[in-house]
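Below: one structure, written as structure tokens.
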């Protein structure tokens, strides 16, 4: 049955699909050509080499073309394409179109191939004699990555997942049998509200540039073993490895900042498998860089340097397998689901794992392994030990994160630890202590051999000073309430900062080229200091101590009651602050809750006043999604987010309507407690539960829309002043006699939870009847929120920035040392 | 003995310690029946009993949420969670609880839920697509 569908734009999809096939083909051709260019005996024959380059150029062009086609589709809202329909919508602003671009797996794979293509071109330009073998490996990786996008059936199995698949092919539904189905698809699903954040525009590209650049040290290691240039590859690969570490680290922290700013788990690091998956290769590559430097300076630890470098990239692939294959199903809420690429991803990991193991075995006998013992008091030995511990910390992350993988492999049914975060924290703090300690005292050692007495004296002096500083920090921040291991980690971090500061001050006096590593180390140690204090001593400010109704069995649960409930305009004391939920503002599709914070001094004067606007988005597709708002101080952050609010769907969100329609009158009254009529004169006060109402005056000419008044008709407005929780409102209900019948028009004051009727005029007594409708407590507008205080979190962000600066300095130093041939 | 061998032994020892401690820290997936017999925390996989009322009244207590869940063996139990109702809870397809039994109630310290809409988009999309078909018939 061939239906001709109306209104589809098939051109960009066909073009995109063509470029996908082309990019796969050219990557394959480039791999083969570079392979033969590397292995051929005739060194003068440049034909393979030229072909390799040419096909890589074409590959780059096709990758860019794929991106352009996809962008065209999303930008023009061509919802006949599944990708555009699933990840974008018409209301999305352009900069979020960019984030919707990589919300799906296909888009993020594209991003990865794109960066790999860019890096490949840089290598063609810079790598000189390394180009042929290195580009063989890079092209091979490009082959595997672009195969993820193919989306073509081969022998009954779909290979990869194409971003250009049509909606009608992706989903089965009766609607697609109609030729004009597109008319009914008005809009896409839109982007997950949590991803509508400016960090999501730049975090994925940075992270994927990091992942992509990890192929380069791997490729150099392979090239070194393959071409028997055992010693040379290390020096050439160090700057690239540093680059990868820097970018990936930045990307990871950006993700953490995004989580802190827009997710509501209340923190910046959660040891989620998805987070672990990107940290594992990062830590391994850091260890690799250190051992590479050891080898370069001392000739020791060749095997470890090579192994770790190779392993780091295999772990990148393993990480992408874990997050993309759906295997993490029951342990992570963030992982992608399976797009039918499970085995494809497994093959990807296995291919590169086989290359690693195969090469190491093949060249085992020739490896320049130093048989001589390292000196105990040498920098290389302790750098090596430190890296080994870094590796062990990764091992712990890998073993725990991979529990679902072990289950799948060994058909077991082990559940992850009940409290994984504590487990990770304790282990990683222990490793952090050891690693930072080494990071400190190794600075006092020299390569080859060190004068031991001097070393012991400086080490000890710095240890004592650090212990004092640490004691002070622990005392001030209250870290002593935590487990001992966190205090040890704090000591290590402080020691790391101080020892490296000494090196930095020396470097500034003369040996400036050594400054890079010192700066990076200081940054890393500060990052740890910030993380330890902020995560360890963060305090829930919104402790719930008010008289809530005790639910049976509740006390036994003994959990902290971390949420407080705020009725609109009723101030509640929360820690040092008096907080009030003062209203809402709607900037579609976000619903902002204005929470007013006031802090008073002893005399009762307001010393501080600010408003936070945490928001929720009641999204038809994603449900209620909340984002926090944070007040940043220099030394701490006050973080506030909404955990519950009575908003349900987008339709109900027309807040602030003060309707007075008669049709719904009877129904509307149900929202209030039984009415109470009061007979008052002008100037009288009516007291009610939350305040009082004063009848100020009568208005003989009230405004009435669409009701013409004739000679005998009378309309009178009662000018009322309402004071509820120290906030003034006014309302003017109207009483009317028209054609002999009396009517009245009630007015609502939603913020005060009141409806007021001017129900009768009693001329004999010169009194007026005002009927008061109060909203019952429970149907009044409220929010439930949680507020957390994160002390010293700025150390965490500042440490990151300092670390990146250190990496940049090191990259310059290492590439200057290098004369590429 | 060479230093590197000592180091090797230390590293291997720590590695083994890590693996053993990981294994001893893992918990088990169980049922409510298992939970009754143990004092330890465990994971229970199941789904929400949509026929019974969810209880969350923030106006009374913002930190109390209870519901009825059926575990994978079909056994039903009341679950109490100290905290706010997770967003979109009604739409969950599968729930993984971590917690322990207290009397007749299961007190969950953590709730992980899978919503079909967020993670496998195509399912919810089908329902939306059929809704538009109805419109077409009119």
Ratio of the Cα radius of gyration of the range A:672-821 to 2.2 N^0.38 Å, where N counts its residues = 2.12
Partner chain coverage, peptide A:393-399 - average Cβ within 10 angstrom = 3
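Work out the P(r) tail for the protein assembly as shown: percent of alpha carbon pairs separated by more than 50 Å, whole number.
Looking at the protein assembly as shown, the distances longer than 50 Å represent 32 percent of pairs.
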Taking R0 as 35 Å, what's the FRET efficiency between residue B:94 and residue A:576 from their Cβ-Cβ distance, rounded to 0.05?
-> 0.25
Other chains near A:610-617: what is the mean number of their Cβ atoms within 10 Å of each residue's Cβ?
-> 0
Neighbouring partner chain Cβ atoms per residue of A:412-424, average, 10 Å criterion | 5
A correct fewest-to-most ranking of B:44, A:21 by other Cβ atoms within 10 Å would be A:21, B:44
Pairing the Cα long axis of helix A:515-537 with the longest principal axis of chain A, what angle in degrees results, from 0 to 90 and rounded to the nearest 10?
-> 40
Length released on extending from residue A:231 to residue A:701, taking residue separation times 0.36 nm less the Cα-Cα span = 159.6 nm
Cα Rg, Dmax (largest Cα-Cα span) when computed across the range A:427-524, Å | 14.0, 43
Under the Debye formula (equal points on every Cα, no solvent term), log10 I(q)/I(0) of the range A:236-416 at q = 0.16, 0.18, 0.19 Å⁻¹ = -1.07, -1.24, -1.32
Taking the C-alpha atoms of the range A:113-266, convex hull volume expressed per residue in Å³ | 184
Please grab the % of Cα pairs in the range B:1-63 that end up more than 18 Å from each other.
-> 69
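Listed highest first by mean packing, meaning other Cβ atoms within 10 Å per residue, what order do A:237-244, A:497-504, A:122-129 come in?
Descending mean neighbour count gives A:237-244, A:497-504, A:122-129.
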Using every Cα-Cα pair within the range A:186-280, state what percent have a distance larger than 22 Å.
-> 44
Ranked from highest to lowest mean number of other Cβ atoms within 10 Å per residue, what is the order of the peptides A:687-697, A:795-805?
-> A:795-805, A:687-697
Final fewest-first order of A:111, A:51 on the 10 Å Cβ neighbour count is A:51, A:111
To the nearest 10 degrees, how steeply does helix A:198-213 sit against the main Cα axis of chain A, on a 0 to 90 scale?
-> 10
Summing -39500 (n - 2.57) over every DSSP H run of at least 4 in the protein assembly as shown, dividing by its residue total and rounding to the nearest 500, the 222 nm mean residue ellipticity is -16000 deg cm²/dmol
Quickly rank A:23-32, A:155-164 as a protection proxy: mean count of other C-beta atoms within 10 Å, highest first.
-> A:23-32, A:155-164
Along the three principal axes, how long is the range A:1-191 when you take its alpha carbons, biggest first, rounded to the nearest angstrom?
-> 63, 39, 22
Residues of the range A:120-144 with amide N under 20 Å of a point placed 7 Å along Cα→Cβ from residue A:154 = A:136-144
With everything on Cα atoms, drop me the angle between helix A:420-441 and the longest principal axis of chain A, reported from 0 to 90° to the nearest 10.
-> 50
Shape call for the range A:668-722, from the Cα gyration tensor axes a ≥ b ≥ c (a/c under 1.5 means rounded, otherwise prolate when a/b beats b/c, else oblate), comes out oblate
How far, in nm, would the chain grow between residue A:606 and residue A:405 when pulled straight, counting 0.36 nm per residue and subtracting the alpha carbon separation?
-> 66.7 nm
Determine the relative contact order of chain A: mean sequence separation of Cα pairs under 8 Å and six or more apart, normalised by residue count, in whole percent.
-> 10
Per-selection Kirkwood Rh - the range A:256-326 (Cα, Å, 1 d.p.) | 13.7
If contacts are Cα pairs under 8 angstrom and at least 6 residues apart, what is the relative contact order of the range A:1-191 in percent?
-> 34
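Each reported figure results from applying straightforward, stated rules to the coordinates on display, with no laboratory input. What you see is a predicted model; the values in this text were computed from it and never measured. We place every Cβ from the backbone using ideal geometry, glycine too, and count neighbours over all the protein chains shown.
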